[in-house]
Each structure stands twice: as structure tokens, then as C-alpha cells.
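Asks: If you scroll down you'll find the structure; I have some questions about it.
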Amino acid sequence: NKMAYDLRVPFTTKSLIKRADPERGDIVIFMSEAAGDRLVKRVIGVPGDVVAMHNNVLSINGKRLDYTAQAAVADNAMVLTEQLDAISHQVKLAPFSTGRDSFNAVTVPDNSYLVLGDNRDNSADSRVIGFVPRNEIVGRASTVLFSLDYDNYLLPRSERFFAAL
């Protein structure tokens, strides 16, 4: 939804009217200058939040998030349900440490957001590119329209077509 947060000049990222700001738990699309690409990630920290992670367990403003183990998947990764405020969603963790499973408490600056991928150990997110400036966020995602398997010759993953996020 390209109009979830701003009304923009068509075919640009220039905002004409600010409609709303992203909220914790939103899945946002942003044009990352740091990554040089368009990315889709979940908002974990909003301006003013203090966020920390220890062994893949998040704490926001001193409150540890709740996790429920689901199952191991085909590649021995662990799938957990993470409770982020009123939003329950699944996160996938690699069966080995990637060295990005912890970070010290950081305060999210004004007009910026801390974002993480739901595939936590295979995600170029705020742990790699830093905070996401508000002006780089161009929309909110709610559904997978089309998905390709980068590990399998870019074959379509039809089971993910039109899947809710």
C-alpha cells in the first residue's frame, strides 16, 4: 500500500502529504540508500524506543518479547512465534550462529525506525544497514503477490502467491 503513510508525487519518493507513521509490527517497503536496494522488513523499533537483542530474544523498552517454539523446518532452522505487542508472527532462525543474534541496547532516533527481517539470520536489516530514515519508507506490505526461490534457479514459489504477511 503505497499510500499507507504518505501521498507522494507519482513515480518518486517525494512526499506531498504525510498521512501516518509506521507502527511497531508493520511490514514496510523502503528504498534503502545504505543497501542501494528496495527492501521489505518488519518495524521493531519506532522513534524513542530502546531496543536490544540477546541470543535472538528482543527486548523493547526493557520488556522482553515472548516466544513460542513451533518446529524445525527442512533445513534444520527453528521457527518461533514472536509476540510483538498485539501482533504474533513467525520468525525463522538458522541452526547455527550467524554472529548477528545479539546487540546492545540502542535508542531509535527521531524520524528513524529499527527494522528486522522475519528470516532473522538471513536478513540485511538494521543490524547491517542501520536505522531506516522515515523519508525512505514508501509503503506498507500485507500480502505476498509473487515469490521466486533464489536458491532454486528462480523458480516460482506458488505456495507463497497471495499469502498474507
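Asks: Select from region 1-34 the residues that are of a type in the set (A, V, I, L, M) and without any contact (Cβ under 8 Å) to a residue 40 or more places away in the chain and write down the one among them that is farthest from Pro47 (Cα to Cα).
Replies: Val9
Asks: Tell me, yes or no, whether region 147-159 has at least one residue that is of a type in the set (Asp, Glu), more than 30 Å from Ile17 (Cβ to Cβ) and touching a residue at least 24 places away in the same chain (Cβ under 8 Å).
Replies: No; the residues of region 147-159 include none that is of a type in the set (Asp, Glu), more than 30 Å from Ile17 (Cβ to Cβ) and touching a residue at least 24 places away in the same chain (Cβ under 8 Å).
Asks: Return the residues of region 12-65 that are charged (D, E, K, R), in a strand (DSSP E or B) and either modelled with pLDDT under 95 or open to solvent by less than 60 Å² (accessible area, probe 1.4 Å) (or both); say none if nothing qualifies.
Replies: Those that are charged (D, E, K, R), in a strand (DSSP E or B) and either modelled with pLDDT under 95 or open to solvent by less than 60 Å² (accessible area, probe 1.4 Å) (or both): Lys18, Asp37, Arg38, Lys41, Arg42.
Asks: Any idea which of (1) more than 18 Å from the chain's Cα centre (by Cα); (2) part of a strand (DSSP E or B); (3) not basic (Lys, Arg) is the one Met3 doesn't satisfy?
Replies: (2)
Asks: Criterion first (touching a residue at least 40 places away in the same chain (Cβ under 8 Å), part of a loop (DSSP other than H, G, I, E, B) and either charged (D, E, K, R) or in contact with a helix residue (DSSP H, G or I) (Cβ under 9 Å, 6 or more places away or on another chain) (or both)) does Asp75 satisfy it?
Replies: Judged against the criteria, Asp75 is not a match.
Asks: Could you check region 79-165 for strands (runs of 3 or more DSSP E) lying wholly inside it with 1 or more residues that are under 16 Å from Val51 (Cα atoms) and open to solvent by 30 Å² or more (accessible area, probe 1.4 Å)?
Replies: The qualifying strands (runs of 3 or more DSSP E) are 103-107.
Residue by residue, here is whether (1) within 28 Å of Ser147 (Cβ to Cβ); (2) touching a Ser or Thr at 6+ places or on another chain (Cβ under 7 Å); (3) without any contact (Cβ under 8 Å) to a residue 24 or more places away in the chain holds:
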| position | (1), (2), (3) |
| --- | --- |
| Arg42 | yes, no, no |
| Val50 | no, yes, no |
| Asn55 | no, yes, no |
| Asp85 | yes, no, no |
| Ser88 | yes, yes, yes |
| Leu93 | yes, no, no |
| Arg100 | yes, no, no |
| Thr107 | no, no, no |
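The values are calculated or read from the model by the stated rules, or taken from the named source; none is laboratory data. Computed from a predicted model, the values in this text were never measured in an experiment. Methodologically, a virtual Cβ is constructed for each residue, glycine included, from the backbone with ideal geometry; neighbour enumeration extends over all protein chains shown. Heads up: the accessible areas ignore ligands, DNA and RNA and are worked out on the full protein's heavy atoms, side chains in. Shrake-Rupley method; radii C 1.70, N 1.55, O 1.52, S 1.80 Å.
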